[in-house]
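The values are calculated or read from the model by the stated rules, or taken from the named source; none is laboratory data. Predicted model only: the values in this text are computed from it and were never measured. Quick reminder, even Gly has a Cβ in these numbers, built from the backbone with ideal geometry, and neighbours come from all protein chains shown. When the accessible area is computed, the model is the full protein with side chains, heavy atoms only, and any ligands, DNA or RNA have been set aside. Shrake-Rupley method; radii C 1.70, N 1.55, O 1.52, S 1.80 Å.
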Amino acid sequence: MPFPSWGETEEGRDMLQEAAEQLVQAAKLLNLDPNLANRLRFPKRALIVTVPVRLDDGRVVTYTGYRVHHNITLGPGKGGIRYSPTVSLEETTALAMWMTWKCALMNIPFGGAKGGVCCNPLEMSRRELQALTRRFTSEIVMLIGPEKDIPAPDMYTNEQTMSWIMDTYSMQVGYSVPGVVTGKPLVVGGSVGRREATGRGLVNLIIAAVERLGLVPEKLTAVVQGFGNVGSVAAQELAEKKVKVIGVSDVYGGAHNPGGLPVDDLIRHVEAGGKVSEFPGVIPVSNKDLLEIPCDILAPCATAGQITRENVERVRCRILAEGANGPTTLEADAILQQRGVFIIPDVLGNAGGVTASYFEWVQDTQKFFWDIGEVNRQLQRIMLGAFQEVLSLAHGKGVSHRMAALMIGISRVAQAMRFRGLYP
Ligand code: GLU
């Protein structure tokens with residue numbers, strides 16, 4: 001039997017390489033003290049755990065799980081947990097690093113963390129996923145807690161996963177601790193508006209960009225890659241703003257209709273177990289071709305490494321709004337910028353999720369719950385505030401939106417580290 005590998009994946013290596021290169025470039029622009037820049041290249045701690053699960057056929061399969069704290073200078077670790085065959089230590093570390101910059105950019109008092117289990121959730125039953133979640137939670141229980149590290153949903157995890165995590169943690173300590181995770185259902189201490197917040201926050205920024213460019217939503221087309229928690233809500237919110245959504249995709253493929261897609265019907269179709277490419281009357285396209293459909297707004301809301309040197313020349317949009325983490329490489333970003341594409345980079349674009357997670361954690365801590373008006377108002381305030389900051393730094397320094405967003409996040413963390421000093 002071969003010695004088990006800790007699941008290095010090509011995707012993970014590429015993502016960590018990308019995240020490290022972003023840090024190097026932003027640190028250079030910031031003229032950051034090399035002592036701090038070097039420290040920030042590494043996570044504070046990383047836990048690799050073994051997660052044995054009895055499958056429905058009686059076999060016990062051993063999965064590998066990770067929880068990484070990149071930096072917790074500004075507060076407890078915060079970041080999602082994903083279930084995917086690409087999950088590795090490298091991928092989780094890159095995603096934790098992005099969480100650090102994202103929280104700092106949004107000025108929310110959390111550090112950056114991420115977790116995941118390398119598995120194929122699409123092939124697992126509900127019972128198997130519950131067993132996986134409960135065992136993974138007990139293996140990382142020493143790292144998590146409302147004051148230590150607060151997980152949330154990410155790829156292929158959802159409100160149900162968060163409920164199982166909350167329950168497992170609560171059973172271990174002996175009382176209910178809603179604040180240990182965010183993205184929970186309302187009845188166990190979730191927040192109104194959290195589920196929609198990533199897609200809604202992204203669309204808030206798209207509309208701000210549209211206004212800035214002197215365009216009108218009614219005359220624009222959009223393509224959204226990914227039809228999960230982020231992409232489906234983004235498509236729905238875009239349609240609500242009268243933007244014509246002409247392409248969407250899920251993990252199995254895409255659906256195109258130059259005349260516009262009925263987003264609400266597509267959501268119902270997917271909820272009933274359908275694939276978007278099989279929706280009546282659409283032109284089926286691959287996920288790769290979907291990105292090359294000419295449109296005004298392109299929103300990659302699926303996974304990392306989608307717009308690269310290979311396909312960037314064929315990507316035709318005016319606004320690139322990143323709902324996923326790491327969908328565009330730095331090389332592709334530079335080419336899009338030269339072409340004058342207005343880029344809403346991931347750490348800003350998808351930050352609505354963690355921002356509403358912060359609201360949920362505040363509500364759980366205070367045992368006092370807000371209404372949807374309050375959640376949406378605060379979300380809009382924080383998103384647009386960060387958007388303005390990014391734009392004015394980008395203009396002032398003549399740097400890309402991505403670099404400006406990273407520079408703001410990184411410099412806040414670095415400043416706090418300098419004040420706190422090196423221990424001991
Ligand atoms: N997984 C989401 C992200 O990548 C949300 C994290 C959170 O709410 O803590 O930003």
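Report yes if some residue within segment 304-325 is assigned to a strand (DSSP E or B) and farther than 18 Å from ALA234 by Cα; otherwise report no.
Here is the first cut: in segment 304-325, the ones assigned to a strand (DSSP E or B) are 307, 319-321.
Imposing the further condition that a residue be farther than 18 Å from ALA234 by Cα reduces the set to 307.
So far as segment 304-325 goes, yes, one or more of its residues are assigned to a strand (DSSP E or B) and farther than 18 Å from ALA234 by Cα.
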From the list VAL181, VAL248, VAL270, which one is under 24 Å from MET106 (Cβ atoms) and of a type outside the set (Lys, Arg)?
-> VAL181
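Quick check on this structure: which one of LYS78, LYS44 is at negative phi, of a type in the set (D, E, K, R) and open to solvent by less than 50 Å² (accessible area, probe 1.4 Å)? It would help to see each step written out before you state the result.
Working: LYS44 fails: open to solvent by less than 50 Å² (accessible area, probe 1.4 Å).
Selected residue: LYS78, the only one of LYS78, LYS44 that is at negative phi, of a type in the set (D, E, K, R) and open to solvent by less than 50 Å² (accessible area, probe 1.4 Å).
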Out of segment 185-199, which residues are assigned to a helix (DSSP H, G or I) and surrounded by 24 or more Cβ atoms within 10 Å (Cβ to Cβ)?
-> ARG194, GLU196, ALA197, THR198, GLY199
Restricting segment 371-411 to residues that are open to solvent by 60 Å² or more (accessible area, probe 1.4 Å) and assigned to a loop (DSSP other than H, G, I, E, B), the residue that is nearest to ILE206 (Cα to Cα) = GLY398
Out of (1) without any contact (Cβ under 8 Å) to a residue 60 or more places away in the chain; (2) under 22 Å from the mean Cα position of the chain (by Cα), what's the single condition that is false for TYR83?
-> (1)
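Looking at ALA209, ALA222, ALA197, ALA234, can you tell me which residue is touching a helix residue (DSSP H, G or I) at 6+ places or on another chain (Cβ under 7 Å) and away from the ligand (no atom under 16 Å from the Cβ)?
Numbers: ALA209 fails: touching a helix residue (DSSP H, G or I) at 6+ places or on another chain (Cβ under 7 Å); ALA197 fails: away from the ligand (no atom under 16 Å from the Cβ); ALA234 fails: away from the ligand (no atom under 16 Å from the Cβ).
Sole residue among the options that is touching a helix residue (DSSP H, G or I) at 6+ places or on another chain (Cβ under 7 Å) and away from the ligand (no atom under 16 Å from the Cβ): ALA222.
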List, please: which pairs have Cβ atoms under 7 Å, are six or more places apart or on different chains, and start with a residue in segment 114-132 that is assigned to a helix (DSSP H, G or I) and end with one that is within 16 Å of the ligand (Cβ to nearest atom) and open to solvent by 30 Å² or more (accessible area, probe 1.4 Å)?
-> PRO121/TYR156
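Can you give me the number of residues within segment 330-347 that are open to solvent by less than 20 Å² (accessible area, probe 1.4 Å) and touching a residue at least 60 places away in the same chain (Cβ under 8 Å)?
Step one: of segment 330-347, the residues open to solvent by less than 20 Å² (accessible area, probe 1.4 Å) are 332-333, 336, 341, 343-347.
Retained after the next criterion (residues that are touching a residue at least 60 places away in the same chain (Cβ under 8 Å)): 333, 344-347.
Here the count works out to 5.
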Filter result for the condition that a residue is at pLDDT 95 or above, buried (at least 17 other Cβ atoms within 10 Å of the Cβ) and within 27 Å of LYS184 (Cβ to Cβ), over VAL243, VAL263 | VAL263
In segment 151-167, residue farthest from the ligand (Cβ to nearest atom) [restricted to those that are open to solvent by 10 Å² or more (accessible area, probe 1.4 Å) and under 15 Å from TRP361 (Cβ atoms)] = MET166
Starting from segment 348-377, take each residue that is farther than 17 Å from MET162 by Cβ and list its partners that are charged (D, E, K, R) and near the ligand (Cβ under 8 Å from one of its atoms), counting only C-beta distances under 6 angstrom and pairs at least six apart or across chains.
-> ALA351/LYS102
Please indicate, with yes or no, whether at least one residue in segment 352-363 is at pLDDT 95 or above, surrounded by fewer than 24 Cβ atoms within 10 Å (Cβ to Cβ), more than 15 Å from the ligand (Cβ to nearest atom) and not basic (Lys, Arg).
-> no
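Name the residue that is least open to solvent (accessible area, probe 1.4 Å), counting only residues in segment 168-184 that are farther than 16 Å from ILE81 by Cα and in contact (Cβ under 8 Å) with a residue 24 or more places away in the chain. Show your work before the answer.
So in segment 168-184, the residues farther than 16 Å from ILE81 by Cα come out as 170-178.
The next check asks that each one be in contact (Cβ under 8 Å) with a residue 24 or more places away in the chain; those that pass are 172, 177-178.
Working: GLN172: 102, VAL177: 15, PRO178: 31 Å².
Only one residue tops the list, namely VAL177.
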Out of (1) surrounded by fewer than 24 Cβ atoms within 10 Å (Cβ to Cβ); (2) part of a helix (DSSP H, G or I); (3) within 16 Å of the ligand (Cβ to nearest atom), the odd one out for SER277 is which?
-> (3)
Condition broken by ARG420, with the remaining ones in (1) under 24 Å from ASN38 (Cβ atoms); (2) open to solvent by less than 60 Å² (accessible area, probe 1.4 Å) satisfied | (2)
More than 13 Å from the ligand (Cβ to nearest atom), of a type in the set (S, T, N, Q) and closer than 27 Å to VAL187 by Cα, is that true of THR329?
-> no
